[in-house]
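The values are calculated or read from the model by the stated rules, or taken from the named source; none is laboratory data. The model shown is predicted, which means the values in this text are computed figures rather than measured ones. Methodologically, a virtual Cβ is constructed for each residue, glycine included, from the backbone with ideal geometry; neighbour enumeration extends over all protein chains shown. With ligands, DNA and RNA removed, areas are computed over all heavy atoms of the protein, side chains included. Shrake-Rupley method; radii C 1.70, N 1.55, O 1.52, S 1.80 Å.
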Amino acid sequence: MTHAIHPQPGILDISLYQGGASHVDGVSDVVKLSSNENPFGPPESAKEAMRRTAHLMHRYPPTDHAALRHAIAEVHSLDAERVICGAGSDEIIHFLCQAYAGPGDEVIHTEHGFSMYRISTLAAGAHPVEVPERERTVDVDAILDACCFRTKLVFIANPANPTGTMIGANDIARLAADLPPHTLLVLDGAYAEFVDGFDGGAGLVDKRDNVFMTRTFSKLYGLGGLRIGWGYGPAHVIDVLNRIRGPFNLSETQLAAAEAAVRDRDWADRCRAENARMRTWLAKALAELGVPSDTSCANFVLARFTDADEAQACDRFLRGEGLIVRQVAGYKLPNCLRITVGDEASCRRVVHAVARFRDTYGEHRA
Ligand SMILES: *Cc1c(COP(=O)(O)O)cnc(C)c1O
């Protein structure tokens, strides 16, 4: 049907975000390993904070997020005045695009980069530019080559999703130093907590005025369902983002749960250690079955199969076993499956299922 009501240019170019599936028809005992969630759920401290705030639902929440910003600043040794909180880091990404990119502007993301960069760029009316990676790893020189007078933002996740790879501090610093003066570098640290001792790029943010970092409570902290993320940047950028941030973008419950979680250092340390232990085990066991992966720095493994057919067939087989992993053809990785590192029992189930799949699939072909 034709009509005269049209959205802004770019909006209809957005393909809907594909979330990880969470059920399989006819299978009851499913394990969801498709959205990089913490297999241990949220910390008790966050659940307790949620209960404490239940009676406040009729009250508008604070608009300045001061308590959460100060808790984040304390734990990560940052300047609380330059922290901004949002409904997931997705909302922070959205603010950045809305504030800095519009019609005629370009926003760079990389070949296998997270899909929200493109979605938020198009929503702002700007043009997404995809830059090649090298062996599933961000390529700083390719990004610099792609920059021009129109480039307003460059998005890099470090560690990256869905590849799990990381680039070093020297590469990031070189990129920040060599970008055009009108370009803001955004370091997406959704998986930074999984790297022991890594600051996500916060140190570089402090040193420069063209680098911004985003973080989330959705991954290590097990709070994806509650929607809390944050950003850290130069004062001039924080000032701009706060002007477009909705005054009540986070509820009292979100604020309290996040504050409790970020102060729960023991719990974070335990989850980080357990993730690293099972990730190593899973990657090695899959490799022994002939399914290699790049060394992952996050809470998932990108399993590489011979070709797209085998990856799809394995996905179907795993589903039949009640194991839901993520197809990543949409990320230009059709021969891969992204498998979240679950608890030990889930990892063992995945490996046993892949072993059986490899036996039968091999026979089929022979
Ligand atoms: C999961 C993820 C996010 C965070 O999403 P939230 O909106 O904070 O839940 C951001 N970037 C990447 C690369 C991710 O994988």
What does the charge dipole of the chain about its Cα centre add up to, to the nearest 20 debye, if the Cβ of each Lys and Arg holds +1 and the Cβ of each Asp and Glu holds -1? 560
The stretch 306-365 shape via C-alpha gyration tensor axes, a/c threshold 1.5: oblate
What is the angle, in °, between the Cα long axis of helix 235-244 and the longest principal axis of the Cα atoms in the chain? Nearest 10 is fine, range 0 to 90. 80
Computed accessible area, Ser28, all protein chains, 1.4 angstrom probe, square angstrom: 120
Of the candidates Arg136, Arg279, Arg52, which one comes out as most mobile in a Gaussian network treatment of the chain with C-alpha springs shorter than 10 Å? Arg52
Taking just the alpha-carbon atoms of the chain, what radius of gyration and Dmax come out, in angstrom? 20.9, 66
MRE, 222 nm, helices only [DSSP H, n ≥ 4, -39500 (n - 2.57), over the chain, to nearest 500]: -12500 deg cm²/dmol
Suppose every K and R has +1 on its Cβ and every D and E has -1 on its Cβ; what is the size of the dipole of the stretch 1-134 about the Cα centre, in Debye to the nearest 20? 440
What ranking of Trp230, Trp281, Trp267 comes out by heavy-atom accessible area, probe 1.4 Å, highest first? Trp281, Trp267, Trp230
Once the dipole of the chain is set up with Lys and Arg at +1 and Asp and Glu at -1 on Cβ about the Cα centre, which of Phe357, Leu179, Val83 lies farthest towards its positive end? Phe357
Tell me, what is the per residue accessible area of the stretch 156-233 in Å², probe radius 1.4 Å? 29
Positive end of the dipole of the stretch 118-174, charges at C-beta (+1 Lys, Arg; -1 Asp, Glu), about the Cα centre: which of Ile156, Ala124, Leu144 has its Cα farthest in that direction? Ala124
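Run the dipole for the stretch 207-366 about the Cα centre, Lys and Arg Cβ at +1, Asp and Glu Cβ at -1, nothing else charged, and hand back the magnitude in debye, nearest 20. Before the final figure, lay out each step's value.
Values: 25 positive and 19 negative charges, 57 e Å.
That gives a dipole near 280 debye.
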Relative contact order in percent for the stretch 44-263 (Cα pairs under 8 Å, 6+ apart) equals 29
Express in whole angstrom the spacing between the alpha-carbon centres of the stretch 24-43 and the stretch 105-167. 29
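Where a ≥ b ≥ c are the square roots of the eigenvalues of the C-alpha gyration tensor, would you call the stretch 166-300 rounded, which needs a/c under 1.5, or, failing that, prolate if a/b is larger than b/c, or oblate?
oblate
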Is the C-alpha gyration tensor of the stretch 1-116 telling us rounded, prolate or oblate? Criteria: a/c under 1.5 is rounded; beyond that, a/b larger than b/c is prolate, otherwise oblate. oblate
For the chain, the longest principal axis of the Cα atoms and the Cα long axis of helix 265-288 enclose an angle in degrees, to the nearest 10, of 40
May I ask what percent, to the nearest 5, of DSSP beta bridges between residues of the stretch 124-218 are antiparallel? 10
Using the alpha-carbon atoms, what tilt in degrees (0 to 90, nearest 10) does helix 169-178 show relative to the longest principal axis of the chain? 50
Run the numbers on the stretch 189-240 and let me know its relative contact order in percent, using alpha-carbon pairs under 8 Å that are six or more apart. 34
Taking only pairs that are 8 or more places apart or on different chains, how many Lys pairs in the chain have Cα atoms under 25 angstrom apart? 10
